[in-house]
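Okay, structure first, notes after.
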Amino acid sequence: MLSQEEIYKQYRDKVFGYVKNHVNSIEDAEDITSDIFVKIYSKLDTYDESKAALSTWIYSMTSNTVIDFYRTNHIHSEIPEDLTDDRSTIEDEILTNESLDELADALSTLPQELLDIIVLRYYKGLTLQEIAKKMNLSYGVTKLRHREALGKLRDLL
């Protein structure tokens with residue numbers, strides 16, 4: 001079993017990156033990341049390596065803490081879908097089932113606005129909220145167009 005210091009060194013950047021990708025402010029991301037490591041250390045004696053890898057256990061705690069952040073701050077309408085959906089996502093299906101050439105061909109058929117959303121989301125790593133601001137669209141419209149783009153890609157692939 002790794003020490004608390006080793007766990008922190010090994011997982012801090014990954015946890016922070018995940019949290020930062022799901023909340024709007026760096027300050028919130030830093031606070032949440034700190035909370036996550038406090039939880040990890042306080043529950044480390046309950047971790048059972050026969051049930052899950054340490055990384056899986058930490059990821060689960062990270063995801064749950066981000067969901068708790070949204071709930072306690074009453075941001076229900078903005079909880080990212082990937083936090084609340086345990087099923088395989090469309091993105092995972094596309095990336096695992098299709099070749100990059102087929103994906104490139106499918107992307108070239110998308111209208112420019114949908115292509116821009118996909119590029120900003122997956123190539124630039126922006127959140128849907130950041131994309132909405134960048135493209136001068138509402139969050140709701142951006143979320144719908146993101147789904148539309150993924151649906152078209154799925155149909156094409």
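Odds and ends about this structure:
- Selection status of L115, surrounded by 18 or more Cβ atoms within 10 Å (Cβ to Cβ) and modelled with pLDDT of 80 or more: no
- Screening the range 101-112 for residues that are in contact (Cβ under 8 Å) with a residue 12 or more places away in the chain and not in a helix (DSSP H, G or I) and picking the one that is surrounded by the fewest Cβ atoms within 10 Å (Cβ to Cβ) gives T109.
- Selection within the range 15-42 - touching a residue at least 12 places away in the same chain (Cβ under 8 Å), more than 14 Å from D68 (Cβ to Cβ) and charged (D, E, K, R): E30
- Residues of the range 99-146 satisfying the condition of being β-branched (V, I, T) and under 30 Å from S25 (Cβ atoms): I117, I118, V119, T127, I131, V141, T142
- Entry remark, the range 121-133: residues being at pLDDT 90 or above and exposed (fewer than 15 other Cβ atoms within 10 Å of the Cβ) number 1 in total.
- Residues being in contact with a Lys or Arg (Cβ under 9 Å, 6 or more places away or on another chain) and of a type in the set (V, I, T) - total across the range 96-141: 4
- Residue identified as modelled with pLDDT under 85 and in contact with a Gly (Cβ under 9 Å, 6 or more places away or on another chain) among I67, I90, I79, I75: I90
The values are calculated or read from the model by the stated rules, or taken from the named source; none is laboratory data. Computed from a prediction, not measured in an experiment: that's the story for all the values here. Reconstructed Cβ throughout: ideal geometry from the backbone, glycine too, with neighbour counts over all protein chains shown.
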